[in-house]
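Just so it is clear, none of the values below were taken in a lab; they were calculated from the coordinates. Keep in mind the model is a prediction, meaning the values are calculated, not measured. Every residue, glycine as well, gets a Cβ built from its backbone with ideal geometry; the counts of neighbours run over all protein chains shown.
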Amino acid sequence: MSALPPAAPAAGAAPVDWEPSLAFLKLAIGMVLGGAVSFAALLAFYGQIATPRSALVLFVAAVAALAGVLLARGRRHAAVVALCLGAWLHATFASYLTGGVGSVAVIIYPVIIAVAGWLIGMRTGFALAALSIGWTLVLTLAEQAGRLPVPPPTHPAMRWLVYGIAFTLMAALVGYLSSAYGSQLAQGRALGRALAERGAQLAATLEAVPDLLFELDLDGTIHAVHSPDAGLLAAPAGALVGARIDAFIPPEAARVGYAAMEEALARGFSRGRQYAVDLPQGRRWFELSVARKPVAEGQLPRFVVLSREITERREAAATIARLNASLEERVRQRTAELEAANRELESFSYTVSHDLRAPLRSMVGFSGLLHESMGDRASAEERGFLARISASGNRMAELIDAVLEYSRLGRRAPQRARVDLDALVGEVAAELGEAHPRAQVRVLPLGTAEVDPTMTRQIFVNLIGNALKYSARRDPPRVEVGAAAGAPCAYYVRDNGVGFDMAHAEHIFELFTRLGSDPAQDGTGAGLAIVKRLVERHGGAIEARARPGAGAEFRFTLDGAAAADGAAPAAVLE
């Protein structure tokens, strides 16, 4: 006889679910079916096929077949019950019909009791043992009273077949029992070692945790406590176990703990609740993290509570809050001082400009009166002197206006709005082009942008105006405005004018710096400085590219994206 090698039983599983049990059950069902077939063959061979024994053989075969079907469907427990109960009933009827206590069927009882006790449970084994003993007593009394039926003749081959099946099954059962419980014992020992190792790891982890740890139930009773510092506890750890938390901490702190456990009961966890306790070293603050602990069904809820001291963190936060409040106050004071200084500066600027304009108006006015009064009596040289005085006065007035405009731009914040740049630049180009009828101004699609409309208009007025002024002597003058590639909200203004030397490019955005050296060109030199300030007020940047005699190009952005560094310059118009 051979059997499948037993596998290790699953930890915590009932014996009926062990793999050795499955192997033994398959073996038992097979032997019962095989024995029934063999016994039926012997009955036929000895001419006893029509006796009650044939019905018993068919019955036990049906029981084994039913157990096999249940086992195939994964119902191990039902298969064991069917096999054991059916075998016991078979042995009971067989012993009654075939000789009572001396019947060969009585030998099957110990096997059935052992199998049921192992696979179903000790109670079932004891119950079958009691029934078997009771039935044996009944058979004995019935035999003495002559109440048993006359047993049919039993050939020794039939007796030895039943003995063989019974002893084989008993031996297999003992073997499987030894193997299964040996594997279970080895697995239990391995599990014990693993639990011991994990316990040691857990103990080391707890020693490394700098926080208070408690195990509580919902009414606040403390079941376990861990503290890295005894000074953090309101009482010795031994006195805390078994007591309620509200016996050691203030009512307000206890209410925080109960609320955290209620939240953890509903959600599974609670975090961030804080409470304070007055300890010998002073008032200390703690923050709770609570988790609901898994418990067996029917047990009251338990909670693992981590209490972290946050006194230093709260003090640091309070210090930061005080510093922030102080900083905000200083910022408000500084802002107020700057606003006052700006107002004073603006007042001063207008006062100075007014004081400067008065003598300028007088100078220009008296030079004009002098020119009229002298009339034809003035020589050409004298008329030139008077013209130069008037022109210088007017230029000085323009410079004063430029300085005021430049200073005012530094104080006003952009008021951004969605602006159609195609329409805005088209209007600027049309207005400026009236003074330059020969010029060709080309405006490529620009789209829309979130910009200050007034400031953006001034940027294009100054740049297009400069381009028209310094390309006026070309035939024809050409100016192009478009969107630059490589950055969002990036634009350019390009002309085919006189250009300039790039060696001086870093100075062209300074106040009162002229692009060209031609004295015939009018202007104050403040236009590009104003453009730079307007672009920077938008968070953008501007750069210039040019060659002497080959035109100039100005690229700028209006959203904080810097002009493309290292990019190849666009073609300058010839």
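Figures for the structure shown
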read-out	value
Simple label model, 7 Å out from Cα along Cβ direction - Glu252 to Ala321, nm	1.4
Gained length - Ala336 relative to Arg193, 0.36 nm times residue gap less alpha-carbon distance	44.1 nm
Distance in nm between pseudo-label sites at Gln299 and Ala391 (7 Å out along the Cβ direction from Cα)	10.5
Interchain or long-range residues, amide H under 5 Å from Ile310's placed H	Trp285, Phe286, Glu287
Per DSSP, loop GluC sites (Glu not before Pro) in segment 210-309 with at most 11 further Cβ within 10 Å	Glu297
Restricting segment 38-80 to chymotrypsin sites (Phe, Trp or Tyr not before Pro) in coil, as DSSP defines it, with at most 12 other Cβ within 10 Å	none
Pairwise label distance in nanometres, Glu536 with Leu42, each label 7 Å out on the Cα-Cβ vector	11.6
Net length gained if the chain between Ser362 and Asp501 were fully extended (0.36 nm per residue, minus Cα distance)	46.0 nm
Qualifying lysines (Cα of each under 25 Å from Cα of Lys532; at least 8 residues distant if same chain)	Lys469
Theoretical gain in end-to-end length, Arg314 to Ala291 [0.36 nm per residue, Cα-Cα removed]	5.9 nm
Loop chymotrypsin sites (Phe, Trp or Tyr not before Pro), segment 421-518 (other Cβ atoms within 10 Å of the site Cβ: 13 or fewer; DSSP)	Phe512
